[in-house]
Amino acid sequence: MSELLRVLPGRGLRESHTDPHLTQEWLVTNGLGGYASGTVLGPLTRRYHGLLIAALPNPLGRIMMLNALSERIRLPNRTVFFAGPRELTGHGSESTISASEFRLEAGLPVWRFEAAGFVLEKRVLLPYRQNTVYITYKLLEGSGAVRLGLRPGVNMRSHDAPVSAPLSQNFVLRVIEHGYEICSEANLPTMRLLCEPAAAFTFDRKTIPHILFRTEQNRGYESEGAMWSPGYFRIDLEPGAEATFMASSESWETLHALTATDAHNAEMTRRRALLAASQPEVRKGIPAELVMAADQFLITPAGRVEDVARAHAAGDEVRTVIAGYHWFTDWGRDTMISLEGLTLTTGRYGEAGWILRTFAHYVKDGLIPNMFPEGEKNGLYHTADASLWFFHAISRYVEMTGDRTTLALILPKLLEIAMTHIEGTRFGIHVDPEDGLLHQGEQGYQLTWMDAKVADWVVTPRRGKAVEINALWYNALRLLTGWMEETYGAESAKVYKDHAAQARDSFNRRFWYEEGGYLYDAIDGEDGKDDPACRPNQIFAISLGNPVLDESRWKRVVDVVTERLLTPVGLRSLAPDDKDYKSKYFGDLHARDAAYHQGTVWAWLIGPYVDAWLKVHPNERERAVQFLSGFPPHLDEACIGSISEVFDAEEPHTPRGCIAQAWSVAEVLRCYALTA
């Protein structure tokens, strides 16, 4: 795995005091939805920064267990440096050292610290499907031993809770034969602490108040919090030796099952297997790094115990997709859009099938869930497009795997979706019998992917007949027609074939905006008007497997999108000359949501754009690679080695939103395979 190395020397590490979003961050996940994350340089800036965020059964959800670990380094001459989060030390910058190098090895973070001829290396690892963190230190160079002092800081809470959440008054430290345990409130699990080799512990409890989380402050949230520490561990490291600090919400038996070396070797073996299973086109270079990034989003949902039991009873497994780190859970729309890039491009066909069968179980009133809220068992269904993306995902899965058994199992659900859409279902979703186009909209709901909402304000309601909803509807009807003909014969498919023909005819007649030479974003709005806003949604009329737009208009639409919406990191969500255009996604929640779909660039949209562009220029595949030019340098900013959710609409296209987003990684990875 030596070729999967991303190195940031000390001069490449940046910390901005004016814009905390520019601070580089790292992320390690555990396949359950749990994770560890922080800034490369150490300061805690988000509520989500911590070394062990455990994914626990509902109603707990993801819990911040180990917030931080202060690292005190004493050299043989008794000079002392601090290398961890300075919030726990009480010392200023004069006694801290920054990493001389940060790197990702096969996607896993490694820091290198240098001081007075001594070189110390640090690694962070979460074993797959365990709520455990291993933090390993190795003295690479130096004459004599150094003494490490490791002080854990805790404030056990939901990872979504404000940093100002009151510090527990019930922290208890227990010393047992195996190690140490920290308990808090009765409903929270015990955190077990262990050092390998065994380390001395000094009981020195303290509360660290008034810790400032600068990114939270910048985003308009509560930004000051506190932590509690029971004391610190002392470890003497000789040159060439290593020591590991472990924290876990698992049992002692699980924690003792793997040494730190065993855990590291097992994880590297797993990552080599991931790469070997992927399509040949993505096994090297940037695409290979994105294969590692893609792995972070595929999870077994630890919270939904009933789902796992039901799947196991049927001889199946449960898988889903975390839409983004740090705050997203699994979303139906994001999962279906991401499925090809995350699972099919990476050769994880079995997991793709599990995901599709998992979501099929949740079909209700012809809809799949929009999202599963943190810590809850039931999904929310307020979406008009997730169910239509379900058809697309199944189509790509069946085409690449030939798994007709899964198709046969899910086909009744697809028929249910189609018929409820024709007859009408929740949120005003129904086919207009006059033109066969799909209408959606209900007051107070944001049903398309442009779903920003602040209090009662739906920023881009797009009620009526939205362009991509109808492109998806036509694609779904065509797919269903083919599957029904194969399974039951032509007569059984006729109703869907007729609906598809009517929808296509009406779409081409009604959605073309002659004055602009592109497609309306929505027609038959609440005011009876058509919306001529130039948005990227029109690209789906070309990019999908069954394009609804007449081929004679493809080039004009692609040209307009290229000229007005394309950037090096995706497509703008609104053309710059629109009166509602916002060039920057920044500020408090109201300011951010006002800009979320009003110009802000979305990385995932590069996928459908490349699909559409190649349909217009089928012999220029090599040129299409240029549309991905902004992503390699981006891997050195925001979440190192991954791709952000959104970017500012204007240069320098600052990354914003979630630092690692499933559909961003999935669609860019898919494009690398497509253009190879």
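Structure summary
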quantity	calculated
Of residues in the stretch 410-443 being assigned to a strand (DSSP E or B) and touching a residue at least 24 places away in the same chain (Cβ under 8 Å), the one nearest to VAL548 (Cα to Cα)	LEU438
Among the candidates THR406, THR383, residue that is touching a Lys or Arg at 6+ places or on another chain (Cβ under 9 Å) and outside any helix (DSSP H, G or I)	THR383
Residues satisfying the stated conditions in the stretch 641-655, i.e. in contact (Cβ under 8 Å) with a residue 60 or more places away in the chain and part of a loop (DSSP other than H, G, I, E, B)	GLY641, SER642, ILE643, GLU645, ASP648, ALA649, GLU650, HIS653, THR654
The stretch 355-396, subset among the polar types (S, T, N, Q), within 21 Å of GLY545 (Cβ to Cβ) and under 21 Å from the mean Cα position of the chain (by Cα), residue surrounded by the most Cβ atoms within 10 Å (Cβ to Cβ)	SER387
Residues of the stretch 34-50 classified as of a type in the set (A, V, I, L, M) and within 24 Å of VAL321 (Cβ to Cβ), total	1
Single residue of ALA311, ALA360 found to be in a helix (DSSP H, G or I), farther than 22 Å from LEU472 by Cα and of a type outside the set (D, E, K, R)	ALA311
Residue match in the stretch 213-220 (condition: out of contact with any Phe, Trp or Tyr (no Cβ under 6 Å at 6 or more places or on another chain), in contact (Cβ under 8 Å) with a residue 60 or more places away in the chain, surrounded by 21 or more Cβ atoms within 10 Å (Cβ to Cβ) and assigned to a loop (DSSP other than H, G, I, E, B))	yes
Count of residues meeting criterion [more than 31 Å from the chain's Cα centre (by Cα) and not in a loop (DSSP other than H, G, I, E, B)] in the stretch 230-255	11
Every residue from the stretch 180-198 that is free of Cβ contacts under 8 Å to residues at least 60 places away in the same chain, buried (at least 16 other Cβ atoms within 10 Å of the Cβ) and among the hydrophobic types (A, V, I, L, M, F, W, C)	ILE182, CYS183, LEU193, CYS195
Hits in the stretch 114-169 - residues which are of a type in the set (A, V, I, L, M, F, W, C), closer than 23 Å to VAL40 by Cβ and more than 28 Å from the chain's Cα centre (by Cα)	ALA115, ALA116, PHE118, VAL119, LEU120, LEU139, LEU140, VAL146, LEU148, LEU150
Filter result (of a type in the set (Asp, Glu) and closer than 15 Å to THR29 by Cβ) within the stretch 256-288	GLU267
Residue that is under 27 Å from ALA263 (Cβ atoms), surrounded by fewer than 19 Cβ atoms within 10 Å (Cβ to Cβ) and at pLDDT below 95, where the choices are GLU141, GLU177	GLU177
Condition met for ALA575 (closer than 18 Å to LEU472 by Cβ and either modelled with pLDDT of 95 or more or touching an Asp or Glu at 6+ places or on another chain (Cβ under 7 Å) (or both))	no
Only listed residue being crowded, with 22+ Cβ neighbours inside 10 Å and on the phi < 0 side of the Ramachandran plot, chosen from GLY350, GLY332	GLY332
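The values are calculated or read from the model by the stated rules, or taken from the named source; none is laboratory data. Keep in mind the model is a prediction, meaning the values are calculated, not measured. All Cβ positions, even for glycine, are placed from backbone atoms using ideal geometry, and neighbour counts span all protein chains on display.
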